[in-house]
Amino acid sequence: MNKTYDTAAEALDGVLTDGMLIAAGGFGLCGIPELLISAIRNAGTRDLTIASNNAGVDGFGLGMLLESRQVRKMISSYVGENAEFMRQYLSGELELEFNPQGTLAERMRAGGCGIPGFYTRTGVGTVIAEGKENKLFDGEEYILERGIVADLSIVKAWKADDTGNLIFRKTARNFNPPAAMCGRICIAEVEEIVPRGTLDPDHVHLPGIYVHRLVQGTHEKRIEQRTTRKMEKV
Amino acid sequence: MPWDRNRMAARAAEELEDGMYVNLGIGIPTLVANYTGDKDITLQSENGMLGMGPFPLEGHEDADLINAGKQTITELARTSYFDSASSFGMIRGGKIAAAILGAMEVAENGDLANWMIPGKLVKGMGGAMDLVAGVGRVIVVMDHTNKHGESKLLKQCTLPLTGKAVVNRIITNLGVLDVVEGGLKIIDCADGVSEEELRTATKATIV
């Protein structure tokens, strides 16, 4: 078993097809698979549907794939930081499906766990409920949401061992585990690949069974809202 | 004198009890953290963190450590991290005692609208729909009227809803109101604001 590839482009070799559904990890620009996104841009794959909480910013993250017109549809909860996204959306070039953030995360988790649908209170009585089956449980109304199974998952972790066991760092974990779980193929990019036996098995966040290919690289890790406080006066 | 942003935040902080796990929205709700005093409150950030600390000192920003508003933050001794599915599991599962958030409109039955204005740029609901449907108590902090001076407390919302019959308490610059059977109930008036003024400024039914 060798899951390790030298570059993101090699890790993507043979898995990209036009019109495919990709699940991407990350929240804002935190914990996004920036190397794989760049490699998909270079590969030129088109008509993509991408399930990702956000859509990057202009020129970085998923914003790169919007700029190059490779995305047909986004499934997201919040897309506020991207002018090119808005331009394409308002002109009808880009399709957008808003999902409540927790519904999107659970759709990915469920899809990865063999659960085709689940009932949730989130969105009951709102536009999100339109066209969806609803059902009363114990007198409360719920709507049916579908699990997502993606053709490909692209995620970012902090460390991996060569069998694909992943460890994330701080809030960069976010959507990465559920996104990884819902892919028929999952590629993870990490800051460091260590030999098996190095990670404490009790500290693995995502078992390697979910990860098919691995690539190590250097990440820019851009900060979207740099916010600081002043040193308190003693 | 109606309450300013900080007085509203301070009033909202009075709603929190020792030991609560709480989610604070963007804007005035964020200021609530400054007024919790000695109470032991754990803040949740829905991107995957319990025990959110203050903003970092300059030079200590960490790209891997942000809040749901994408701002750099810090961790505390109690902090734990988890993925987005787990995060919304605890929200949807009712483990978070309260959410304090802003609003564009609240109706007298507790309907909340705070995510989109038709015809204007729609950025998305983020985690707002999940929060209001899942947490134990929903507390709205907002100005009583909009920039045209019209009541934001209505008989019915005119904007698309974030949640149906989800709001428990509303704290505005003019006072505090609860959503009860038949309408809104005045709990408190802001300093120097009379009950009559509060009623006049409110379009929703006051019981």
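Please compute the modelled spin-label separation between A:Lys132 and B:Asp38, points set 7 Å along Cα→Cβ, answer in nm with one decimal.
4.5
Suppose a student asked you for the relative contact order of the range A:1-108, using Cα pairs under 8 Å spaced at least 6 residues apart; what percent would you report?
Contact order relative to length: 21 percent.
Once both labels are modelled 7 Å past Cα along the beta-carbon direction, what's the A:Arg146-B:Thr200 spacing in nm?
Those two pseudo-labels are separated by 5.5 nm.
Treat every Asp and Glu Cβ in the range A:163-234 as -1 and every Lys and Arg Cβ as +1, leave all other atoms uncharged, and give the resulting dipole magnitude about the Cα centre to the nearest 20 debye. All intermediate terms of the calculation are to be shown ahead of the outcome.
Values: 12 positive and 8 negative charges, 76 e Å.
That gives the range A:163-234 a dipole magnitude of about 360 debye.
Can you tell me the relative contact order of chain B? Whole percent, Cα pairs under 8 Å, sequence separation 6 or more.
It rounds to 20 percent for chain B.
Find the eigenvalues of the gyration tensor of the Cα atoms of the range A:1-131, then list the square roots of 5 times those eigenvalues as equivalent ellipsoid semi-axes, largest first, in whole angstrom.
Values: eigenvalues 128, 78, 33 Å².
Working through the eigenvalues yields semi-axes of 25, 20, 13 Å.
Mind checking the alpha-carbon convex hull of the range B:104-166 and giving the volume per residue in Å³?
Spread over its residues, the Cα hull of the range B:104-166 gives 85 Å³ apiece.
Which value, in debye to the nearest 20, gives the size of the charge dipole of the range B:17-96 about its Cα centre, when Lys and Arg are +1 and Asp and Glu are -1 at the Cβ?
300
Angle check, please: helix A:34-43 long axis (alpha carbons) against the longest principal axis of chain A (alpha carbons), in degrees 0 to 90, nearest 10.
For helix A:34-43, the angle is close to 80 degrees.
Whole-Å semi-axes of the range B:1-144's equivalent ellipsoid, largest first, each the root of 5 times a Cα gyration tensor eigenvalue? Could the numbers behind the result be given before it?
On the way: eigenvalues 107, 70, 54 Å².
Equivalent-ellipsoid dimensions as semi-axes: 23, 19, 16 Å.
If you wrap the range A:89-234's Cα atoms in a convex hull and average its projection over all directions, what's the area in nm²?
Seen from a random direction, the Cα hull of the range A:89-234 projects 15.1 nm² on average.
Out of every Cα pair in the range B:86-199, what percent are spaced more than 16 Å from each other?
59
Per residue of the range A:175-182, what does 6.51 cos²θ - 1.76 cosθ + 1.60 with θ = phi - 60° give for ³J(HN,Hα)? Whole Hz please, x for Gly and Pro, Karplus curve as stated.
After applying 6.51 cos²θ - 1.76 cosθ + 1.60, I find 7, 4, x, x, 4, 4, 5, 8 Hz.
Please report A:Thr171, A:Thr49 as a ranked list, fewest other C-beta atoms within 10 angstrom at the top and most at the bottom.
Numbers: A:Thr171 30, A:Thr49 18.
Fewest to most other Cβ atoms nearby, the residues stand as A:Thr49, A:Thr171.
What are the aspartates and glutamates whose alpha-carbon lies under 13 Å from the alpha-carbon of B:Lys147, with same-chain residues fewer than 8 places away excluded?
Within reach: B:Glu105.
Based on DSSP, what percent of beta bridges with both residues in the range A:21-100 are antiparallel, to the nearest 5?
15
Given the options B:Gly127, B:Gly149, B:Gly25, state which has the largest fluctuation in a GNM of chain B using a 10 Å cut-off (strictly under) for Cα springs.
B:Gly149
Please give the helix A:101-112 orientation as an angle from the longest Cα principal axis of chain A, in degrees from 0 to 90, rounded to the nearest 10.
70
What Rg and what Dmax come out for the range B:1-43 when only alpha-carbon atoms are used, in angstroms?
Cα only, the range B:1-43: 10.1, 33 Å (Rg, Dmax).
Have a look at the DSSP beta bridges in chain A and tell me what percent are antiparallel, nearest 5.
Within chain A, antiparallel bridges account for around 30 percent of the total.
Which FRET efficiency value, to the nearest 0.05, do you get for B:Ala165 and A:His203 by plugging their Cβ-Cβ distance into 1/(1 + (r/R0)^6) with R0 = 25 Å?
Computed FRET efficiency for B:Ala165 and A:His203 comes out at 0.05.
Rank A:Asp161, A:Asp202, A:Asp58 by mean-square fluctuation in a GNM of chain A with C-alpha springs under 10 angstrom and give only the top-ranked residue.
Greatest mean-square fluctuation among the candidates belongs to A:Asp202.
If I model a spin label as a point 7 Å beyond the Cα along the Cα-Cβ vector, how far apart are those points for B:Lys95 and A:Cys113 in nm?
About 1.3 nm separates the two model spin labels.
Kindly work out what percent of the DSSP beta bridges joining two residues of the range A:99-234 are antiparallel, to the nearest 5. Don't skip to the end; give the middle numbers.
Working: 11 of 25 bridges.
Taking every DSSP beta bridge within the range A:99-234, about 45 percent pair in antiparallel fashion.
Rounded to the nearest 20 debye, what is the charge dipole size of chain A about its Cα centre when +1 sits on each Lys and Arg Cβ and -1 on each Asp and Glu Cβ?
Details: 27 positive and 31 negative charges, 94 e Å.
In debye, rounded to 20, chain A gives about 460.
Given 37 °C and 0.692 mPa s, compute D for the protein assembly as shown with the Stokes-Einstein relation, Rh being the Kirkwood radius over Cα pairs; round to the nearest whole µm²/s.
The calculation lands on 145 µm²/s.
Hey, in the GNM for chain A with a 10 angstrom Cα cutoff, which one of A:Phe137, A:Phe118, A:Phe175 fluctuates hardest?
Per the Cα network of chain A with a 10 Å cutoff, A:Phe137 tops the list.
So what is the relative contact order for the range B:72-188, in percent, with contacts set as C-alpha pairs under 8 Å and at least six apart?
The value is 29 percent.
Just so you know, all these numbers are worked out from the coordinates, no wet-lab data involved. All figures in this text were calculated on a predicted structure; none of them were measured in a lab. FYI the Cβ positions are ideal-geometry reconstructions off the backbone, even for glycines, and counts take in every protein chain you see.
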